[in-house]
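Okay, so here's the structure we're looking at.
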Amino acid sequence: MSNNAVSRDVKTAVLVSGGGTNLQAILDAHIFGEIKNCELAAVISSNSDAYALTRAAHAGIPSYVIDRKIFPNRASFSEAIHRKLEDLDIDLVVLAGFMYVLDPPLVRAFRNRMINVHPALIPSFSGMGYYGLHVHEAALNYGVKVSGATAHFCTSEADAGPIILQKAVEILETDTPQTLQRRIMEQAEWKILPEAISLFCEGRLEVVDRRVIIKDL
Ligand code: GAR
């Protein structure tokens, strides 16, 4: 699908692993009309206990479990996700609190059509091993005064693809990894991820080398 052609709503699948607060931000923004030209077609969870599945059910979005635990390796897990995305004829994949790195064939198949949210200002505190609370522990241990979140397109290298949006959040001296995680979610992730999805679905993103140009309507 060309990102410029907005002929039908963009069929979007959201991949989740846990609590799904980013999924909730997407669901809410969609209901309020803040995400345009987007059909939320599926939620796919890497774990059957994820509360994100309950959020999908409340919103009436079909959900599927592709349980990481039953696959012997990352390649077979990624292949199963790939097959499901193709069966559902998905145009855009959103990783919203999805805790696994996917294999290159799947990422390449969705080149510039797979968006991840990372809870730091990439390239800081990103890449292999930086996920969930580990990211905020690392930022606090380093002593940075500002962190934030990044919405970016995925490439085969973890957290290294073209950056769509970033938002900075101030670090407080009293912060713990938990308080910092929560503030970054509230002030940054829950805003920039729905916005990045809408920009994509409106056909307003153009990738030039590793820069993302946001086009005016
Ligand atoms: C969020 O901060 C998300 O950015 C992060 O896990 C948290 C859980 O989100 N994702 C990663 O670290 C992936 N690399 P959730 O409440 O949306 O499930």
Simple label model, 7 Å out from Cα along Cβ direction - Leu88 to Val207, nm: 2.0 nm
Roughly speaking, what % of Cα-Cα pairs in region 1-120 are separated by over 23 Å, rounded to a whole number? 25 percent
What net charge do the residues around Pro104 carry, taking every other residue with its C-beta under 11 Å from that of Pro104, with Lys and Arg at +1 and Asp and Glu at -1? +1
Computed over region 99-178: relative contact order in percent, which uses C-alpha pairs under 8 Å that are six or more apart: 35 percent
Using helices alone, I'd like the mean residue ellipticity at 222 nm for the chain: each DSSP H run of four-plus residues gives -39500 (n - 2.57), total over residue count, nearest 500. -9500 deg cm²/dmol
First compute the accessible area of region 1-64 with a 1.4 Å probe, then give the percent of it belonging to carbon and sulfur atoms. 49 percent
Keeping all protein chains in place, calculate the accessible area per residue for the chain (probe 1.4 angstrom), answer in Å². 48 Å²
Lysines near Lys145 by alpha-carbon distance under 18 Å, same-chain residues fewer than 8 away left out - which ones? Lys167
Hey, which lysines would be in cross-link range of Lys11, C-alpha to C-alpha under 18 Å, not counting anything within fewer than 8 residues on its own chain? Lys36, Lys84
Where both partners of a DSSP beta bridge lie in the chain, what percent of those bridges are antiparallel, to the nearest 5? 45 percent
Partnerless cysteines, meaning none of the other Cys C-beta atoms lie under 4.7 Å away, in the chain: Cys154
Report relative contact order for the chain in percent, whole number only (criteria: Cα-Cα under 8 Å, sequence separation at least 6). 22 percent
Hey, with R₀ at 45 Å, roughly what FRET efficiency would Met99 and Ser7 work out to, going by the Cβ-Cβ distance, to 0.05? 0.85
What does the charge add up to near Ile26, with Lys and Arg as +1, Asp and Glu as -1, over the other residues with Cβ less than 11 Å from its Cβ? -3
Average Cα contact separation per residue, region 38-136, under 8 Å, 6 or more apart, as relative contact order %: 20 percent
In terms of Cα to Cα distance under 17 Å, which aspartates and glutamates are near enough to Lys69, apart from those fewer than 8 places away along the same chain? Asp49, Glu79, Asp103
Accessible-area composition of region 101-217, carbon plus sulfur, in percent [1.4 Å probe]: 51 percent
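The values are calculated or read from the model by the stated rules, or taken from the named source; none is laboratory data. Worth saying up front: this structure is predicted, and the values here are computed from it rather than measured. Cβ coordinates were reconstructed from backbone atoms using ideal geometry, including for glycine residues, and neighbour counts include every protein chain displayed. We work out accessible area using only protein heavy atoms, side chains counted, and drop any ligands, DNA or RNA first. Shrake-Rupley method; radii C 1.70, N 1.55, O 1.52, S 1.80 Å.
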